[in-house]
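Here is the structure we will look at.
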């Protein structure tokens, strides 16, 4: 009795309601980067050594406000002399590859996009737009705070009094106002920043009032912020004051204060961000006695006074990799201003999920203040989330500022554990827990998950379900394999549907595994379309388990085998005569047999599943009465389904061929 071999089709469709908007991309990995061989999204457009980068000298000077639609053209380098405001609903367009240098001589040089106006700065991965210092290349020439930065002011919601405020650190004026007041527009559009670098910003406009690399004041979700790097900023790399803008692919590189600072009711979604700290660069205004002006990975407030004013800061940050100053050594010497991976305070309900916070000096996460603890406990309408994260290489896992308030339901460490977070302390004084491939090399880093890393899995998006139930798509998995097959020495009588045409697997599954009952052998337990071999008559089971970002789903198919004949021969009776193709499935060679009573000429063509011609093994060959045999070389064909077409002077026939190596 011969064995029957068949191939399974796994048709996997996975979906869920998983984000505040469809903006978030569901992943299985945690942190900012997919594992190899997927390249890092920082490739090509980022600059890891901006102090020594060579930029062209300015060829045009901008020393007055921009009041009409204006274009900065490729091939020209611009010098900003003083604070430059784009006003009057004007649009400033910056073409790919343009370099804009901020004057370090004229104080406060920066680019301010006022409400109603737009900045359209769309670079490319190979030709990014660069805002940088006017100082020459050299390790000691360019420094944080050489110039101001880029400031966007929008008309979206925020929790400032009357819904309007002024950009901090700048002398208040109508040009520095942001917010939509009593009629905010959460869909407001301040433009597009894509493939943009902002270097050496953070000019000190007043004591303790530095500007950020990229400042967003009440920026609406009509704005696009994607692929932006802020490097060596003298204050925060990115700060949001209210607003609803969604952002992706942000890099906070060797900044002085916080990497990601959220205030005044910011409620957007932010995904795929990298923060990298330099042990020697922290907030110089840090006061040892008070602990003020500390440098954090995340710093989040509802507002400066910690009130319950709405909208509450409820932004979602997912897939963040933030690497602190310890950089693999628990005893590393670093600036005293460094503190935590995340400091959530003043009634914020920030939501951090699927992220990696590592190498921070004192704590992984710090819940600071009674109201924030209430939010963390989930007893308020605004739930603070810290779930499915990795906290590693820390001085202390987590702390809270209060003595476990009643609403907090226990200690913060228990809260962290309950949130499916992984915590990995230093072992032996060094980072012996391998999480990322090469995170401590400033110039040639690899921030992807290391082989076997906890970061390869563990992501979940179920805790940020805020899409209406009517838009929810349930997670489903379907495996299509033949319900019955036959084995033996005769003709295959199973339904032709058992010969699987293709495989369709949704890209948002994490992993899949097959298991089989005794009596079934499988070619691979992890392949999308493995081959199964059954050698006895009976009923057997095949299980497919698919791990998604939101859990596991298992399906089972029963297979019944019966005795039949001519196993492995695809036989057709037609006007040409009897046509057979065997072995089928084929590995190296297949034999095509045509038994006909008519002489003539035959051409044999092989087509793939999409209808493309892939081979013509027989061309204009004579046919004889009786049996005609032809060899089809399948060794160079990929696994899959093909169609063998016989064209003769007496008619045409097509036979299905399966290649399974």
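Just so you know, all these numbers are worked out from the coordinates, no wet-lab data involved. The structure presented is a predicted model; accordingly, all values stated were derived computationally and were not measured. Here Cβ is always computed from backbone atoms with ideal geometry, including for glycine, and neighbour counts include all displayed protein chains.
Using 0.36 nm per residue, how much length does the chain from residue 126 to residue 597 gain when fully extended, once their Cα-Cα distance is taken away?
Additional length available on full extension: 163.0 nm.
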Could you let me know the centre-to-centre spacing of the range 100-125 and the range 29-53, using Cα atoms, in angstrom?
24
Order of 43, 368 under a 10 Å beta carbon neighbour criterion, fewest first:
43, 368
Exposure proxy ranking, count of Cβ atoms within 10 Å, fewest first, for 621, 612, 360:
612, 621, 360
Assertion target for 278, 134, 301, ordered by fewest C-beta neighbours within 10 angstrom first, is 278, 134, 301
Shape descriptor, the range 151-259: equivalent ellipsoid semi-axes (Cα gyration tensor, sqrt 5λ, whole Å, largest first) stand at 22, 18, 9
For the range 214-306, Rg(Cα) over 2.2 N^0.38 Å is 1.08
Cα atoms only: what Rg and Dmax, in Å, come out for the range 570-659?
12.2, 35
At 7 Å along the Cα-to-beta-carbon direction for both residue 558 and residue 69, put a label point, then send me their distance in nm to one decimal.
6.9
